[in-house]
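Just below is one structure, and these are the notes that go with it.
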Amino acid sequence: MPGLRFDLRDAPPGSAALRREVRAFLAEHGRGWTPEVRGRSWMGFDRAFSRAVGARGWIGMTWPRRYGGGERSALERHVVLEEMLAAGAPVGAHWIGDRQSGPLLLRYGTEAQRMRLLPAIARGEAAFCIGLSEPDAGSDLAGLRTRAERVPGGWRLNGRKVWTSFAHLCDWMIALARTAPAGEGEPRHAGLSQFLVDLRLSGIAIRPIRELTGEEGFAEVTFDNVLLPEDALIGREGAGWAQATAELALERSGPERVLSSYPLLAAAVEVAADPVPLGRLVARLATLRAMSLSVAGMLEEGRTPAVEAALVKDLGGAFEQAVPERLRDLLDVADAPEELRRLHACVTQVAPTFSLRGGTREILRGIIARGLGLR
Amino acid sequence: MSATHDADPGALLAGQVGRLLAARCDAATLAAIERGEWPGPLWDALEELGLPLALVPEAMGGAGLGWQAAGRVFVALGRHGAPVPMGETMLAAALLAAVGIAPPAGPLSLTANGGERVPWGRHVRHVACCDGETVALCDAAGVTWTPGANLAGEPRDSASPGGVVLRVAPLPERLGGEAAASGLALLRACQMAGALAAALDLAVDYAGTRRQFGRPIGRFQAIQQQLAVFAGEAAAAQVAAERACRAVDRHGLAAAAFEIGCAKIVAGEAAGTGAAIAHQVFGAIGFTAEHPLHHLTRRLWSWREEAGTERYWAARLGREVQALGGAMLWPFLTARDDQDPIP
Ligand SMILES: Cc1cc2nc3c(=O)[nH]c(=O)nc-3n(C[C@H](O)[C@H](O)[C@H](O)COP(=O)(O)OP(=O)(O)OC[C@H]3O[C@@H](n4cnc5c(N)ncnc54)[C@H](O)[C@@H]3O)c2cc1C
């Protein structure tokens, strides 16, 4: 397959010791986590927990020290993330900042933006959300309508974002908005820019949206003549699409695209009546972990493995969704112990999102098909 | 790792094997084996590359390559459906050498207990027979073979009892009592990864050229999405196979049974999915004897049945995991990979 290789990576040196440290930390903090907390994992938001993670130096691990980072390798960070996910830790309050907002600022932000925000993210204090989707712009993101106009001293923002995870609980949003109409004959994604939006500014209304689970995990955010300061622009005016696309490669490539339903799998091991479906799932999992680590290694080398990331997310999401379904071959869920039943109920309900958020299954497969030269 | 990829002796050798097979292993050669003809010239050409002794230590006159290097060769053999027992020969030679028996020249095969059908039995000179405790070098010429075949037409022959045993030696612990079975499972997993890559290439190519409704069928989203699924499965099979080879290099055949099982399961699942998609993309032409696709897909269907089906390995893995318990599954999985890199 031209250009599509997943070279095996070795786990970073010292990872066994690092895993032990994280496990001890999680054992202590995870005592009270209900099946619903563990089942939601990175879809759970717990500021106190995120501050504790930050205090251990496990947020912004790869960033330079002067921004509060730990100057560790991307593979060491991968190890920590895996441990958090395997335990079903509620990492949502720092996940976005660590995964994409921080790296975006590191790459495109001004020195002042970095100094102001990165240390706070690394301490687990500044929570970020992703302002991409809009009511009429889902998969077809370039059709977004939120606009930012230049005004004296800054920008005026108008429009609406939707499905924004934890917007009602976060401090900052990085929003993609139109700053110029795409010119005649230009692609639609010209004229977009990224902005750092302080969610306390006046003119912003945030309405939490209730999920089918009953939780309020995402929100609708309306901008009504919001005045953003001059330095709210991230990177270059008009370069928003390229910047957001690079961000998406980070959003798609992590171990949370493989391990979201791991706690459920682990909980079913002992009670499984049939080892065969269990063995199949474990074989997939072991392979997907290696693929995910391989993508982390490519990112560490400074490559942008967009197709590889899409492929691992597609396969990983299918695996994550197979866990609650296959489990029903493993044992009679209706008769399972209560903890397991609740975990199964929780993962069953959130499982549809595994092939939606971060790019739907169909969009990912379109990216893979382009990688194969079919489009 | 990509940085060292070019210098990797396995990659170099696999490249040579690939080029040779691309030139020499055509549809006529593949059809001939199904009529029982032995492709002597092809065997000789592959033998000249030094493949039979690739896994044999240098001290015993071999190339001393590791399993990751050998794995690349197995993948190349699978990619072309090479109709010779070269993978079997490499495995048998490795097992014999590991117990101190100098591997004899010529094609070899191996068997776990003699009861099952021996790959290429009637065409080989010697068979390495592993009964769980010993490796025996058996003379294949003195045996009466009852010819059989898998559904791809590859020879799978039964031996009459009472063959001549030339030498016997005890199996060392690092190989384990299941050395032949594990080695064959690894070989088949690698071959499937190769055949999947080849079938994917064929299907993508065809989707770009076959036109219906005024455009290449590859422009239809339904076809694109199917091929994307195929690409995912093929990539997973490849990674699983490489991971298993790495585990054998690190821990020996016996202790790598977990990764070998994973590879056989993942490749076997990918074989089913990938073959089905390939045939869907090719339409009727792919169902003909004349079209080369079936040389790959029938091998995929055969190899997933051999050396332990997905079900066999999944039951084993599942029981192993159950014996560990749910709380220990994660520490187990991570410990399998958290090795300090081999220098
Ligand atoms: C739990 C959750 C959290 C989220 N968090 C965020 C967030 O924090 N920030 C954010 O910006 N967004 C977020 N999203 C939104 C997410 O990114 C979108 O749901 C996703 O991009 C799809 O958009 P859509 O929901 O509008 O579906 P649509 O784009 O309308 O798609 C509906 C269906 O049509 C298919 N489809 C669309 N176009 C094509 C095509 N060209 N070819 C084939 N099929 C097509 C899709 O694959 C899908 O199956 C979140 C979503 C969920 C479920």
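The values are calculated or read from the model by the stated rules, or taken from the named source; none is laboratory data. Treat the numbers as computed from the prediction; the structure is a model and nothing was measured. Reconstructed Cβ throughout: ideal geometry from the backbone, glycine too, with neighbour counts over all protein chains shown. We work out accessible area using only protein heavy atoms, side chains counted, and drop any ligands, DNA or RNA first. Shrake-Rupley method; radii C 1.70, N 1.55, O 1.52, S 1.80 Å.
Structure above, values below:
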read-out: Strands (runs of 3 or more DSSP E) wholly inside segment A:189-302 containing at least 2 residues that are closer than 24 Å to A:Pro90 by Cα; value: A:204-209, A:218-229
read-out: Any strands (runs of 3 or more DSSP E) falling wholly within segment A:80-186 and containing at least 3 residues that are away from the ligand (no atom under 16 Å from the Cβ); value: A:147-151, A:154-165
read-out: First in segment A:39-64 and more than 18 Å from A:Glu82 (Cα to Cα), second anywhere and among the polar types (S, T, N, Q), Cβ under 9 Å, 6 or more apart; value: none
read-out: Pairs where the first residue, in segment B:123-147, is more than 11 Å from B:Ala169 (Cα to Cα) and of a type in the set (Val, Ile, Thr) and the second is modelled with pLDDT under 95 and open to solvent by 40 Å² or more (accessible area, probe 1.4 Å), C-beta under 7 Å, 6+ apart; value: B:Val143/B:Ala159; B:Val143/B:Ser160; B:Thr144/B:Ser160; B:Thr146/B:Ser158
read-out: Output for segment A:54-92, where each listed residue is closer than 29 Å to A:Gly32 by Cα, acidic (Asp, Glu) and open to solvent by 10 Å² or more (accessible area, probe 1.4 Å); value: A:Glu76
read-out: Long-range neighbours under 6 Å by Cβ, at least six apart or interchain, first residue in the same structural domain as A:Leu157 (by TED's automatic domain parsing) within segment A:195-207, second among the hydroxyl-bearing types (Ser, Thr, Tyr); value: A:Ala205/A:Thr222
read-out: Number of the condition not met by A:Trp241 [criteria: (1) at pLDDT 95 or above; (2) under 13 Å from the mean Cα position of the chain (by Cα); (3) more than 11 Å from every other protein chain (Cβ to nearest Cβ)]; value: (2)
read-out: Failed condition for B:Val56, given (1) open to solvent by 70 Å² or more (accessible area, probe 1.4 Å); (2) more than 14 Å from chain A (Cβ to nearest Cβ); (3) closer than 20 Å to B:Leu186 by Cα; value: (1)
read-out: Residue list for segment A:316-335, restricted to those being assigned to a helix (DSSP H, G or I) and open to solvent by 20 Å² or more (accessible area, probe 1.4 Å); value: A:Ala318, A:Gln321, A:Ala322, A:Glu325, A:Arg326, A:Arg328, A:Asp329, A:Val333, A:Ala334, A:Asp335
read-out: Verdict on B:Gly286 being away from every other protein chain (no Cβ under 14 Å), in contact with a Leu (Cβ under 7 Å, 6 or more places away or on another chain) and without any contact (Cβ under 8 Å) to a residue 40 or more places away in the chain; value: yes
read-out: Test result for A:Arg280, surrounded by fewer than 24 Cβ atoms within 10 Å (Cβ to Cβ) and not assigned by TED's automatic domain parsing to the domain that holds A:Arg38; value: no
read-out: Qualifying residue in segment A:247-268 (condition: without any contact (Cβ under 8 Å) to a residue 12 or more places away in the chain, open to solvent by less than 10 Å² (accessible area, probe 1.4 Å) and either of a type in the set (A, V, I, L, M) or more than 9 Å from chain B (Cβ to nearest Cβ) (or both)); value: no
read-out: Count of segment A:228-240 residues which are in contact with a His (Cβ under 9 Å, 6 or more places away or on another chain) and surrounded by fewer than 20 Cβ atoms within 10 Å (Cβ to Cβ); value: 0
read-out: Meets criteria (without any contact (Cβ under 8 Å) to a residue 40 or more places away in the chain, open to solvent by 10 Å² or more (accessible area, probe 1.4 Å), more than 23 Å from A:Gly88 (Cα to Cα) and within 16 Å of the ligand (Cβ to nearest atom)) for A:Arg361; value: no
read-out: Residue ID - farthest from the other protein chains (Cβ to nearest Cβ), chosen from residues in segment B:188-224 that are open to solvent by less than 30 Å² (accessible area, probe 1.4 Å) and more than 21 Å from B:Pro292 (Cβ to Cβ); value: B:Ala189
read-out: Residue count for segment B:113-165, restricted to those that are open to solvent by 20 Å² or more (accessible area, probe 1.4 Å), more than 29 Å from B:His80 (Cβ to Cβ) and among the small types (Gly, Ala, Ser); value: 7
read-out: Filter result (in contact (Cβ under 8 Å) with a residue 40 or more places away in the chain and either more than 16 Å from the ligand (Cβ to nearest atom) or of a type in the set (D, E, K, R) (or both)) within segment B:211-241; value: B:Ile217, B:Phe230, B:Glu233, B:Ala234, B:Ala237, B:Gln238, B:Ala240, B:Ala241
read-out: Segment A:291-309, residues that are open to solvent by 10 Å² or more (accessible area, probe 1.4 Å) and either over 19 Å from B:Gly232 (Cα atoms) or within 7 Å of chain B (Cβ to nearest Cβ) (or both); value: A:Leu299, A:Glu300, A:Glu301, A:Gly302, A:Arg303
read-out: Residue, nearest to the other protein chains (Cβ to nearest Cβ), within segment B:308-326, restricted to residues that are open to solvent by less than 20 Å² (accessible area, probe 1.4 Å) and closer than 17 Å to B:Ala112 by Cβ; value: B:Trp313
read-out: Count - residues of segment A:67-76 that are in contact (Cβ under 8 Å) with a residue 12 or more places away in the chain and out of contact with any Phe, Trp or Tyr (no Cβ under 8 Å at 6 or more places or on another chain); value: 6
read-out: Residue within segment A:327-345 that is within 16 Å of the ligand (Cβ to nearest atom) and either without any contact (Cβ under 8 Å) to a residue 40 or more places away in the chain or within 30 Å of B:Leu200 (Cα to Cα) (or both) present; value: no
read-out: Matching residues, segment A:5-22, being assigned to a helix (DSSP H, G or I) and more than 8 Å from chain B (Cβ to nearest Cβ); value: A:Ala17, A:Leu18, A:Arg20, A:Glu21, A:Val22
read-out: Every residue from segment A:235-251 that is farther than 19 Å from A:Arg160 by Cα and of a type outside the set (Asp, Glu); value: A:Gly235, A:Arg236, A:Gly238, A:Ala239, A:Ala242, A:Gln243, A:Thr245, A:Ala246, A:Leu248, A:Ala249, A:Leu250
